[in-house]
Amino acid sequence: MMLFNESDIFFMREAYSQSLRAKEKNEIPIGAVLVKDGKIIGKAHNCTITNNDPSAHAEVLAIRMGAEKLNNYRLNDTKLYVTLEPCIMCLGVLVQARVQELIYATPDSRVGVFSRKKYYEDKDLNHNLSVRSGLMQKECKNLLKDFFLERRSK
């Protein structure tokens with residue numbers, strides 16, 4: 001059982017709020033929040049359809065925002081909260097940005113790379129990050145499930 005504190009809960013709720021914004025735009029409802037020193041420095045939701053950009057995942061957009069805010073591509077001592085386990089592209093961005101910790105809500109059995117393959121632990125990478133999962137898992141999983149059920153029924 002992973003342990004989460006009040007600030008973890010607060011920031012995951014913020015990520016969840018971003019996922020609801022994505023849903024309103026008919027984007028896959030995934031949200032992310034990047035935190036440094038207890039403050040949000042980047043927050044985003046999926047915009048792949050809106051931006052016609054396959055790399056416009058919530059994680060990537062939040063990290064871009066944080067890098068711009070800090071005026072540095074290295075985001076040492078940051079935490080990323082995201083509602084769905086990231087894909088391999090997002091893992092690459094997390095490693096390149098030097099994000100210290102990833103906290104994700106629900107696993108992605110299809111393309112997630114943290115719960116199954118654990119690429120992030122590869123000692124050949126130039127940066128390794130710590131990972132926790134399961135915070136608000138039920139809410140985030142249900143939001144995604146309901147979104148896809150609704151889309152399939154149309």
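The values are calculated or read from the model by the stated rules, or taken from the named source; none is laboratory data. Just so we're clear, the structure is a prediction, and the values are computed from it rather than from any experiment. Positions of Cβ are backbone-derived with ideal geometry, glycine not excepted, and every protein chain shown enters the neighbour counts. Note: areas computed on protein heavy atoms with side chains; ligands, DNA, RNA excluded. Shrake-Rupley method; radii C 1.70, N 1.55, O 1.52, S 1.80 Å.
State all residues of the stretch 127-138 that are part of a loop (DSSP other than H, G, I, E, B) and among the small types (Gly, Ala, Ser); if no residue qualifies, say none.
Hit for the stretch 127-138 is Gly134, nothing else.
Among all residue pairs at least 6 apart or on different chains, which show Cβ distances below 8 Å where the first residue, located in the stretch 88-102, is within 14 Å of Glu121 (Cβ to Cβ) and the second is part of a helix (DSSP H, G or I) and modelled with pLDDT of 95 or more?
Within 8 Å, the pairs are Leu94/Glu59; Leu94/Ile63; Leu102/Leu94.
Among the residues in the stretch 69-83, are any modelled with pLDDT under 95, out of contact with any helix residue (DSSP H, G or I) (no Cβ under 8 Å at 6 or more places or on another chain), open to solvent by 30 Å² or more (accessible area, probe 1.4 Å) and more than 16 Å from Pro29 (Cα to Cα)?
no
Report whether or not Glu24 is buried (at least 20 other Cβ atoms within 10 Å of the Cβ) and of a type in the set (Asp, Glu).
no
For the structure I just gave you, tell me whether Thr78 is of a type in the set (Ser, Thr, Tyr), farther than 24 Å from Leu3 by Cβ and touching a residue at least 24 places away in the same chain (Cβ under 8 Å).
Numbers: of a type in the set (Ser, Thr, Tyr): yes; farther than 24 Å from Leu3 by Cβ: no; touching a residue at least 24 places away in the same chain (Cβ under 8 Å): yes.
Considered against the rule, which asks whether it is of a type in the set (Ser, Thr, Tyr), farther than 24 Å from Leu3 by Cβ and touching a residue at least 24 places away in the same chain (Cβ under 8 Å), Thr78 comes out as no.
Pick from Lys141, Lys145: which is within 21 Å of Tyr16 (Cα to Cα), open to solvent by 90 Å² or more (accessible area, probe 1.4 Å), in a helix (DSSP H, G or I) and in contact with a Pro (Cβ under 9 Å, 6 or more places away or on another chain)?
Values: Lys145 fails: in contact with a Pro (Cβ under 9 Å, 6 or more places away or on another chain).
Residue meeting the stated conditions: Lys141.
All but one of (1) more than 25 Å from Asn5 (Cα to Cα); (2) in contact with a helix residue (DSSP H, G or I) (Cβ under 9 Å, 6 or more places away or on another chain) hold for Thr48; which doesn't?
It is condition (2) that Thr48 fails.
Six or more apart or on different chains, Cβ atoms under 9 Å: show the pairs whose first residue is in the stretch 1-30 and closer than 20 Å to Glu101 by Cβ and assigned to a loop (DSSP other than H, G, I, E, B) and whose second is of a type in the set (Lys, Arg) and open to solvent by less than 70 Å² (accessible area, probe 1.4 Å).
From residues that are closer than 20 Å to Glu101 by Cβ and assigned to a loop (DSSP other than H, G, I, E, B), the pairs are Met2/Arg132; Leu3/Arg132; Phe4/Arg132.
Is there any pair with a first residue in the stretch 49-62 that is closer than 15 Å to Glu14 by Cα and a second that is part of a helix (DSSP H, G or I) and modelled with pLDDT of 95 or more whose Cβ atoms are under 6 Å apart and which are 6 or more apart or on different chains, and what are they?
Glu59/Cys90
List, please: which pairs have Cβ atoms under 6 Å, are six or more places apart or on different chains, and start with a residue in the stretch 120-139 that is charged (D, E, K, R) and end with one that is assigned to a loop (DSSP other than H, G, I, E, B)?
Arg132/Met2
State which residue is surrounded by the most Cβ atoms within 10 Å (Cβ to Cβ) when the search covers only the stretch 91-134 and only residues that are farther than 18 Å from Arg64 by Cβ and basic (Lys, Arg).
Filtering the stretch 91-134 down to residues farther than 18 Å from Arg64 by Cβ leaves 101, 103-126, 128, 130-134.
Going one step further and asking which of them are basic (Lys, Arg), we end up with 110, 116-118, 123, 132.
Working: Arg110: 7, Arg116: 12, Lys117: 12, Lys118: 10, Lys123: 5, Arg132: 16.
Ranking the candidates gives Arg132 first.
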